[in-house]
Structures are given as C-alpha cells and as structure tokens.
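To start, the structure under review is shown below, and the notes come after it.
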Amino acid sequence: MNTFISLTVYGLSDGALLALAALGFVLIYKATRVINFAQGEFLLVGAYMFYTAFVVMRLPLVVAALFGVLVAIVLGVVVERFILRPLIGESAISVIMVTIGLSAVLKSLIQIFYGTSVREQPPILPTGTITVAGTTIPVNRLLVIGIAAIVLTAFSAFFQRSRHGIAMRAVADDQQAALTMGISVRRVFTLAWVLAAVSALIAGVLLADLSAVEQNIAAFGLIVFPVVILGGLDSVPGTVLGGLTIGLLKQYVSGYADPGLAEVVPYLVLVAILIVRPYGIFGETRIERV
Amino acid sequence: MSTVTATGIHHRSYRAELRLRHTKAQYVRLALMVGLLLAAPYVLDRYWLGIANTILIAVIGAVGLNILVGFTGQISLGQGGFLAVGAYTSAILSGRAGLPVPLSILIAVIMTAAIGAFFGLPALRLKGLYLAIATLASQEIIMFIVRRWTWLTEGQGFIEVERLSILGWSIKRQTFEVQWYWLLLAITIAVVVVARNLFRTALGRSFMAVRDQDIAAQAIGVNITRAKVTAFAVSSGFVGLAGALTAHYTETVTWERFTLDVSILYLAMIIVGGLGSIAGAVYGAIFIGLLPPLLTEAVEALSTSMPGLTDQLPAIRNAVFGVAIIVFLLVEPRGLDRIWTRLKDYVRFWPFRY
C-alpha cells in the first residue's frame, strides 16, 4: 500500500509535467500543423535560462521567473518568424526535419555555454515531507501537481474566454474562415509558439527542481509523443489525460515490474493507440483515405 | 544519339532516351569520377581512407533510406533500428553460427527487409506525421530489444566480430583500410547502380506514383498496399546491408551505434543531398560524412588563437549539423543535387541567364 501511494504521487507529478510539456506541443500542432521535435529542448532552454537568472545573476525568484518568460517569448517569436514561417506549405518531412535541426542547435548551444556537468540550483519548492496513511510523500511533488493544475486551468480559461484564445481556436478550426473574419493567422502562429515556449519554460523549471539542471531534461521531449498520441494530437484536455496515464504507467511498471521496461512501455502504448484509434482519445476524427 | 542544344537535350530515338547517360559531358564526368575513385587509395593516408570507408557504408544506408523517404514519401525515423538488425544478424550468424560471411550478410539483408516490412505495416493506415511517430516507436522498441535481450550478446553488451575473410581472401592488419576500400567501393557501386535502375522499372515507378498522389496511383492500377510494404522491405534491405557491413568493418557491434541520433543523421544526409534522388543520397552521405573530420581540422587550426575550442568540439559539431539542416531546408530544400544541376545549367547557358 505504501509503495502504491508513493508510486501514484510520483506518477501523478511526472504526469503533470508531461501534460505541461505536451500542452506546448499540442498548441503548436493545433494552430500550425507542425510537429515540434524540439519541445524537449524548449524545456532545456527554459530551465537553463531560469538557472542563469536565479543562480548566476542572483536575481530574486519572481524577477528570475519573469526573465525566463521574456527569453521564452523571444525564443518563440524568433523560431516561428525565421525558421517555421518560410516553410509554411512545405511537406511534412521538411517541417519535421527543421525542428530536428533546431533541437540539435538549441541543445549544442546550451552545451557550449554551460557544459555537460550538472548545475547546482537551490530548491525553489519546499523540500519537506508529509506523511499520508503511513507513507512519506515529498511536498515538492505534490506542489508540482498543484502548479501544473493551475497553469493548465489558466490556459484553458485563456482559450475559452480571451479574444486571442478564441482567435487561436478559430484558426485551428478553419484557417480560411478565420482569415475572412479578420483574424491575423500570422499573429496566431507566433502566439502559439510563444505560449508553447512559456509552458515549456514552466515545465522545464519544475522538472529541474525535482531532478537537476542538466542536459537530460531534453530527453523529456521524446516521451511527449506517446502522451499526445494517446490524448489526441490536437486536444488540450487530452494532454492532461495522456500525461497522467503515461506518468502513472511508467511509475507503476518501474515500481512493480522492471525500471528498464518502463522506458519502452510508453512506446508500446503509442503503437497500440496508433493501431486502434490513431487520432487518440479526444482527438478530432479526420477520415483520411490511405 | 542525343544532341545537346541550348534548348535542352533532344533524343533522336527511344533507345537513346532510355540510356542512363545522354551527353558527352556526362561520360567525361563519369570517367573523371572513376579516375578519382581508383586513385584514392594511393593518394589518401590511412586516416582519410578510414573516413572514405565510413562514407561508402553511409552511402549504402542513405540510398536505402532515400528509396523509402525520397521516392515513396514514407517518413521513417527507424533507420538506426534497421541498421542494428542488419549488424546483429550478420555478426551473430558469422560468429556464433559459423556461417560464411557473404551468406550471413545475405541473410542479414533478408532479415532486415522482413523486419522493415513488418514495421512498415502502420504505413498502410497512417500518413505523414503519424507515420513518423510510429517509426519513432519502432526505433525505440528495436533498441529496447537489442539492449535488454542479453542472449544477443551473450551477456557482454557487445559482440566482437572476427576480421573479415572470404574464401581464403582475408583482410590483413597492414592493408586493412585499403582492402576494405576496394571491397566497399565495389559493393557501393553495385548498390547505386541497382537503386538507379530500380526507378526505371514498374515497381520503382509505382513507388513514385504513391509518393506523388496515392489516390491517383490507385486509380491507374497501382496496388498501394503492395507498393508501400515493398518499399519498406527494399529500403530496409539496403539499410540491413549497410548495418552488416558496419559490423564487419568496425569489428564490434554495440547498441550505441544505432540510436535515434543515427536515424536523424541519415535523414539529414538525404535532406542535404536531395530527396528523391540517388545521386543526392550519395552527395548527402559525403557531405555529412566529411563534416566531423573537416570541423576537427578547422578547430585544431584555430586552437592556437582560441584555446578551449577543442573541448567544445562535440557541441560545435552538433550545432553545425543542426544549422546545416535548417539552412538547406530554408534555402535549397531540394539539396545538393539541385545545386549541382543549377551549376551545370549555368555553365551550359553562359553567357545567357537561361
């Protein structure tokens, strides 16, 4: 029972982070139909920028967070404007490869400036533990779940209520119709990349706080694929369900069966979903003759 | 014969049109290239000959991948996994089962083709981005099996492969790179010729029809299911050959050689070289193969004025690699092959622009 509770808490917090990382991925796919292979590197850049502001430049926590957001916004705008926009209308392979190239560039830039060693960062979230039903649970894991829930709620409120959020949904639904209604599709594309970079920043900083500020953060980007395929490539609620499912599954498999197997289980789920229901649980069903 | 004028190449008979080479200039370039390839082992030292051998193997793999991605339009991120299948099969069959090397390589090719066809099955239901993600999963699953199934390496984690010897002809330590160069050159030329001719057959044309417009292809009687699965099998067969040759050439097989990064490297080769062109796959393999050694040279040359640069070499290499992919996609998405064609046209029409 103790193992179960702690595995569940770890799985839920991993899942919450996965959902945050997947959120950016889905935003980009929904608005621009681009698969972003550099999502993991966005997390990495976010975590290192926050580290730079918080530890290297010794800024207060809030200012450091704002600095991180600023860098994320710039990154999103630059990537969209100079790399993705010229490729609008190109084949899927070109778009995939350009984000792969981008991921190589971002990762090696971080390596050039910060090296490969693990960086020390004082914990942001409280590190104590609480005892629930005889199980000790780290507080920071619980807080991560809470923060992710707040951020995800804020994002869905943004899509439901705000002008820009509704414009983004309109563009995702039908680009031409949105254009005729006077929505600037270009601005929506930029906004999607900016929001993706910001949500990646939040996920990256939280992930770095749970583990460490290091290059491995980028590896998180690959597990995003099973999450988004499970939830549906263009569904925001899907990322939550997909993230939590994959997070819990990984923890249970690694706790009860075999940690090595836990690495490959998400991909087995991915293949199963692709065979049974390729558009995922909440994804829009598009019938495409192959 | 065909005549070349400023308005293009004019064929006077069907036979002339079917030829692989039409103009005198093409024959001159072929002769030049053959001369260069024959002279290479006498000119290059052991280090550069080793790089040439690695490039020759990469050419085989890139040609194979281009058949699938460039000619059939099916995105695959599973190249590394298929290379691993070829390498492990050939290493185990020749080492532990004691089969002669040519036979074990042949079985490795067939094995990889079969596994490639199996992992190509999702292509029957999926397209584009979804297919890319499905092949990503196949890569991860193959890597998991290779790493965790200790029977493959008898618990060592790697396989040592004996130095190559075929029917009494064996590779000697002194002339290791030179002997391998001749062997790999012969195989690579055979592969390039086979691939080039594949797209002059009905099967090859059906691949291209599926890429250009699958519904139209079906309407004119192309069996799409068959074309897609065959494309995966043929492409993986070439990749398996490249994997098996890697195993015998490097004489050790470890899983680190076949990760997702390798899949990406091969995709970069065909993007940089030119999608849907055999020559492009060759140019791309040469470009990506020469990038690391040339960068190392450049960094060493600069290291006197900028110390500390040498430590950054792996990161710089990755950065240049990423920038190369992005720049090619933005500036010339059809790759080096297209640049070469434009260059030839420029010379041909000079002093006119077109």
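Rounded if a/c is under 1.5, else prolate if a/b is larger than b/c, else oblate: which is region B:223-354, with a ≥ b ≥ c the root eigenvalues of its Cα gyration tensor?
Oblate, because a/c is 1.5 or more while a/b does not exceed b/c.
Per the Kirkwood definition applied to all pairs of different Cα atoms, how many angstroms is the hydrodynamic radius of region B:117-273?
Hydrodynamic radius (Kirkwood, Cα only) of region B:117-273 equals 18.3 Å.
Residue A:107: which lysines have alpha carbons under 19 Å from its alpha carbon, excluding same-chain residues fewer than 8 sequence positions away?
Filter leaves no residues.
Using a Gaussian network model of chain A whose springs link C-alpha atoms within less than 10 Å, name the residue from A:236, A:98, A:227 with the highest mean-square fluctuation.
With Cα springs under 10 Å in chain A, the top fluctuation among A:236, A:98, A:227 is at A:98.
Using a 7 Å offset from Cα along Cα-Cβ at residue A:272, what residues in region A:1-34 end up with backbone N under 19 Å from the label point?
A:8, A:11-12, A:15, by backbone N distance to the label point.
Show me, for region B:128-136, the HN-Hα J-couplings you get by feeding each phi into the Karplus relation (A = 6.51, B = -1.76, C = 1.60, θ = phi - 60°), rounded to Hz, glycine and proline as x.
Result, ordered by residue: x, 4, 5, 5, 4, 5, 5, 6, 4 Hz.
For chain A, set up a Gaussian network in which alpha carbons nearer than 10 Å are linked by springs, and say which option among A:14, A:173, A:234 fluctuates the most.
In this elastic network of chain A, the residue with the biggest mean-square fluctuation among A:14, A:173, A:234 is A:173.
Plugging the Kirkwood radius over Cα pairs into Stokes-Einstein for region B:44-349, at a temperature of 10 °C and a viscosity of 1.306 mPa s, what D comes out in µm²/s?
Once the numbers are plugged in, D ends up at 79 µm²/s.
Given a cut-off of under 8 Å on Cα pairs at least six residues apart, what relative contact order in percent is computed for region B:1-43?
Normalised by residue count, the contact order of region B:1-43 is 27 percent.
For region A:95-112, take each phi angle, set θ = phi - 60°, evaluate the Karplus expression 6.51 cos²θ - 1.76 cosθ + 1.60, and give the result in whole Hz per residue in order, putting x for glycine and proline.
Karplus values, whole Hz, x for Gly and Pro: 5, 4, 5, 5, 6, 5, x, 4, 5, 4, 5, 4, 4, 6, 4, 4, 5, 5.
Could you pull out which residues in region B:89-115 have an amide N less than 20 Å from a spot 7 Å beyond the Cα of residue B:167, following the Cα-Cβ vector?
So the set is B:94-95, B:98-109.
Where does the protein assembly as shown land on the Kirkwood hydrodynamic radius, alpha-carbon pairs, in angstrom?
With all distinct Cα pairs of the protein assembly as shown included, I get 26.6 Å.
Given H placed 1.01 Å from N in the peptide plane, which residues other than close sequence neighbours of residue B:9 have an amide H under 5 Å from its amide H?
none
State the extension gain, in nm to one decimal, for the chain segment bounded by residue B:125 and residue B:37, taking 0.36 nm per residue of separation less the distance between their alpha-carbons.
Extra length from residue B:125 to residue B:37 when fully extended: 27.3 nm.
Two-decimal Rg/Rh of region B:60-123 from alpha-carbon positions, Kirkwood Rh?
Expressed as Rg/Rh, it is 1.03.
Would you compute the Debye intensity of region A:81-203 from its alpha-carbon atoms alone, equal scatterers and no solvent, and pass along log10 I(q)/I(0) at q = 0.14, 0.17, 0.21, 0.22 Å⁻¹ to two decimals?
-0.91, -1.08, -1.23, -1.27
At 222 nm, what value in deg cm²/dmol follows for chain A if DSSP H runs of at least 4 each add -39500 (n - 2.57) and the sum is divided by all its residues, to the nearest 500?
Dividing the helical sum by the residues of chain A leaves -23000 deg cm²/dmol.
What is the order of B:129, A:18, B:184, fewest Cβ neighbours within 10 Å to most?
The fewest-first ordering by Cβ neighbours comes to B:129, B:184, A:18.
What list do you get for A:214, A:120 if you sort them by fewest beta carbons within 10 Å?
Lowest to highest Cβ neighbour count: A:120, A:214.
Compute the convex hull volume of the Cα atoms of region B:1-43, divide it by the residue count, and report the result per residue in Å³ as a whole number.
That works out to 69 Å³ per residue.
With +1 on the Cβ of every Lys and Arg and -1 on the Cβ of every Asp and Glu, and nothing else charged, how large is the dipole of the protein assembly as shown about its Cα centre, in debye rounded to the nearest 20?
The calculated dipole for the protein assembly as shown is roughly 2020 debye.
Where a Cα-Cα gap under 27 Å defines reach, which lysines qualify for residue B:24, not counting those fewer than 8 residues away within the same chain?
Filter leaves B:344.
Could you put A:199, A:103 in order, starting from the residue whose Cβ has the fewest other Cβ atoms within 10 Å?
A:103, A:199
What is the spin-label model distance, in nm, from residue A:187 to residue B:200 if the labels are put 7 Å beyond Cα along the C-beta direction?
It is 5.8 nm.
Provide the per-residue ³J(HN,Hα) series for region A:65-72, in order, calculated from phi with Karplus coefficients 6.51, -1.76, 1.60 and θ = phi - 60°, each as a whole number of Hz, with x at glycine and proline positions.
Calculated HN-Hα couplings, in order: 5, 5, 4, x, 4, 4, 4, 4 Hz.
Taking 0.36 nm per residue of separation and subtracting the Cα-Cα distance, what length does fully extending residue B:30 through residue B:327 add?
Length gained, residue B:30 through residue B:327: 104.0 nm.
Residue A:5 versus residue A:257, label points 7 Å from Cα toward the beta carbon: distance in nm?
Roughly 2.6 nm, to one decimal.
Quick check: Cα centre of region A:114-149 to Cα centre of region B:128-145, how many Å?
Result: 32 Å between the Cα centres.
What is the extension gain from residue B:297 to residue B:174, computed as 0.36 nm multiplied by their sequence separation minus the C-alpha to C-alpha distance, in nm to one decimal?
Separation in residues times 0.36 nm, less the Cα-Cα distance, equals 41.7 nm.
Scan around residue B:77 for amide H atoms under 5 Å from its own, H built in the peptide plane at 1.01 Å from N, and keep only partners 5 or more places away or cross-chain.
So residue B:77 has HN proximity to B:135, B:136.
Under 20 Å between alpha carbons, and skipping anything fewer than 8 positions from residue B:127 in its own chain: which lysines qualify?
A:30, B:228
Per DSSP H run of at least 4 residues, take -39500 (n - 2.57); add these up for chain B, divide by its residues and hand me the 222 nm value, nearest 500 deg cm²/dmol.
-23000 deg cm²/dmol
So who's got an amide H within less than 5 Å of the one on residue B:252, skipping anything under 5 residues away but keeping other chains? H placed 1.01 Å off N, in plane.
B:161
In a Gaussian network model over chain B where Cα atoms closer than 10 Å are linked, find which of B:193, B:109, B:69 has the largest mean-square fluctuation.
With Cα springs under 10 Å in chain B, the top fluctuation among B:193, B:109, B:69 is at B:193.
Bear in mind that the values in this text are calculations on the coordinates, not laboratory data. Since this is a predicted model, take the numbers as computed values, not measurements. Note that we place each Cβ from the backbone using ideal geometry, even for glycine, and neighbour counts take in every protein chain shown.
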